[in-house]
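Report on the following structure.
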Amino acid sequence: MFEDPIMANDDALLKALSQEGPMNLPRAYEVMERFGIDGLVLGDPLNVYHVLGYYPQIGLTRWGQPPTTFAILSRDPAKKPAIVTSHFIYYYSFADGGSRGDIPAFLFEASANTGEAKQVEANPMFFANPTGDPLTSVESRRRSETDRVLATHHLYSEAGGALVAAMREMGIWNGTIAADHQVVSAVSETYDRPGRTIDADNILRWIRIVKSPLEIELMKRGAAANTAAVDAVVASVRAGAGYRDLRRLFDVEAAKRGNKSVFMTIDRVSSQLPTDDAVIDGQSLFIDGVSHFQYYHGDYARTVFVGEGTTAAKKEAAAAVSGWEAIREQLRPGMPFAQISEIGQQALAKTGADSLVTFGPHSVGLMHTDEPGLDLGGFYSKEQLLLEENMVLSVDCPSLATGIGGSIHIEDLVLITPDGAVPIHPISNHVITV
């Protein structure tokens, strides 16, 4: 059996996730205060996971239906995050994480929103036990945890009523809430909620950009596995190797280490459609892989020379390395994003390099590009961000030059600390010859 030391601490990380969400709560309270928001009402599975450490079994992205599991976070730190979900899903899925006695749970029977927030008698929707034989440990855990919740909170007849009850109890019914799905607005309208509802996406990005201690550990774990998976692909690069085969290998190598592959770009080719592209002797090509562990992403790229390579490609690769090294030495909290690219270009100018390498920063976390933007009528442009402690940053260093015998790109992930930037994964040679 394949065992990688990268996975040695997985049990501890998963245990932590079963007890709390990875969200940086002090950051969340500060961001909500800054933007005048009284609470978050979130139904997208990834956002529910961020607050609660639980990814809904039946979620928006998997079933194509409006969400029926929600996480609610009040701006009041004294109030614990709450979950709203169906009685059956709580029993069948959420309870498998063990007891979360500090999490208020608002359960309902039917996924509906008719404007009747009725409390009903608990009608347990457990799997049947017709013989009366002893239950397995799984069933015992599920039933006891669900019974505990129903002993402390009412069961509601429908989803809308449970969501309303949760917002009232969390103290956000009359205030401004940020929501990530239109069903929250529909429920609010049906029940004549007096408060205001705004879109949560950019607010969540302001929260996510600064990581909690648990998030940093998840990022380190995901990035280390992603790096090892990309390195395994690099080690397999040979003249004649097909790009599709190398991409499939990345899927396998990421999975071996407990990650899930997201994409791999090879020599600027990202398409999943069938192609006959293959490595040729003498070319340069970059291998850029993204995969995640528990939804926290690694992002890592290396340039590979297959044989000697051209003089032009070597110059571009050297320029990318020198620019990135200059940038990494100067990264500090308070530095504007815009200054990062300038540092790279200044470093190239000092060496006299006539290069088309660019240096583009972006935050990485629950998403590959995990940062707020300026809202331009539903589209985002780059926000004038400042680096902050506990951000995880990538600086893409691709060459835009063609006709040089291939492609060039390098990329690492670093954690912003009070004193600078620290890589969160092993740093090998940025340019590799096979």
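The values are calculated or read from the model by the stated rules, or taken from the named source; none is laboratory data. Treat the numbers as computed from the prediction; the structure is a model and nothing was measured. Cβ placement follows ideal geometry from the backbone for every residue including glycine, while neighbour counts extend to all protein chains displayed.
Criterion first (out of contact with any Gly (no Cβ under 7 Å at 6 or more places or on another chain), more than 24 Å from residue 162 (Cβ to Cβ) and not assigned by TED's automatic domain parsing to the domain that holds residue 228) does residue 31 satisfy it?
Yes, satisfied.
Of the residues 230, 252, which single one is modelled with pLDDT of 95 or more and surrounded by 21 or more Cβ atoms within 10 Å (Cβ to Cβ)?
230
Of all the residues that make up the stretch 177-200, how many are in a helix (DSSP H, G or I) and either assigned by TED's automatic domain parsing to the domain that holds residue 369 or surrounded by fewer than 18 Cβ atoms within 10 Å (Cβ to Cβ) (or both)?
5
If residue 262 satisfies all but one of (1) among the β-branched types (Val, Ile, Thr); (2) within 18 Å of residue 401 (Cβ to Cβ); (3) in contact (Cβ under 8 Å) with a residue 24 or more places away in the chain, what's the number of the condition it fails?
It fails just one condition, (2).
What pairs can you find where one residue is in the stretch 243-258 and under 13 Å from residue 289 (Cα atoms), the other is basic (Lys, Arg) and crowded, with 21+ Cβ neighbours inside 10 Å, and their Cβ atoms are less than 7 Å apart, with a gap of 6+ or different chains?
Short answer, once both residue conditions are applied: none.
Only residues that are under 16 Å from residue 390 (Cα atoms) and surrounded by 16 or more Cβ atoms within 10 Å (Cβ to Cβ): list them for the stretch 26-48, please.
Result: 27, 28, 31.
All but one of (1) surrounded by 22 or more Cβ atoms within 10 Å (Cβ to Cβ); (2) in contact with a Ser or Thr (Cβ under 8 Å, 6 or more places away or on another chain); (3) within 20 Å of residue 209 (Cα to Cα) hold for residue 83, so report the exception by its number.
Of the numbered conditions (1) surrounded by 22 or more Cβ atoms within 10 Å (Cβ to Cβ); (2) in contact with a Ser or Thr (Cβ under 8 Å, 6 or more places away or on another chain); (3) within 20 Å of residue 209 (Cα to Cα), the odd one out for residue 83 is (3).
Answer yes or no as to whether residue 28 is of a type in the set (Gly, Ala, Ser) and without any contact (Cβ under 8 Å) to a residue 24 or more places away in the chain.
Judged against the criteria, residue 28 is not a match.
Between 375, 370, 396, which is farther than 25 Å from residue 222 by Cβ and acidic (Asp, Glu)?
375
Read through the list (1) exposed (fewer than 15 other Cβ atoms within 10 Å of the Cβ); (2) closer than 30 Å to residue 236 by Cα; (3) touching a strand residue (DSSP E or B) at 6+ places or on another chain (Cβ under 8 Å); (4) among the aliphatic types (A, V, I, L, M), then give the number of the only condition that residue 386 fails.
(2)
Any residue in the stretch 82-100 that is within 15 Å of residue 166 (Cβ to Cβ) and touching a residue at least 12 places away in the same chain (Cβ under 8 Å) sitting within a Cβ distance under 7 Å of a residue that is of a type in the set (D, E, K, R) and buried (at least 20 other Cβ atoms within 10 Å of the Cβ)? List the pairs, counting only those 6 or more apart or interchain.
Filtered contacts from the stretch 82-100: 87/109.
Taking the stretch 352-382 as the region of interest, how many residues are touching a residue at least 24 places away in the same chain (Cβ under 8 Å), under 21 Å from the mean Cα position of the chain (by Cα), surrounded by fewer than 20 Cβ atoms within 10 Å (Cβ to Cβ) and assigned to a loop (DSSP other than H, G, I, E, B)?
The total comes to 2.
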